[in-house]
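This report concerns only the one structure given below.
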């Protein structure tokens, strides 16, 4: 249950910071899905979310 909450929180954070994160390369990693349906762009950043979760986990372990 905690992983599901963490995953949803990471999706929300990623989508709110999507413009800035694309400039540094996140959102275009293998595993990130992007497609257009009826003119609207949908992004499912699975690869970037996993990378951000691993970084957060490492930082949490170091502190």
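The values are calculated or read from the model by the stated rules, or taken from the named source; none is laboratory data. Just so it is clear, the model here is predicted, and its values are computed rather than measured. Quick reminder, even Gly has a Cβ in these numbers, built from the backbone with ideal geometry, and neighbours come from all protein chains shown.
May I ask you to list pairs of residues, at least six apart or on different chains, whose Cβ atoms are under 6 Å apart, with the first in segment 1-18 being surrounded by 14 or more Cβ atoms within 10 Å (Cβ to Cβ) and the second being not in a helix (DSSP H, G or I)?
Here the result reads 14/45, each pair linking segment 1-18 to a residue that is not in a helix (DSSP H, G or I).
Of the conditions (1) farther than 17 Å from residue 5 by Cα; (2) at pLDDT 85 or above; (3) surrounded by 11 or more Cβ atoms within 10 Å (Cβ to Cβ), residue 61 satisfies every one except a single condition; which number is it?
(3)
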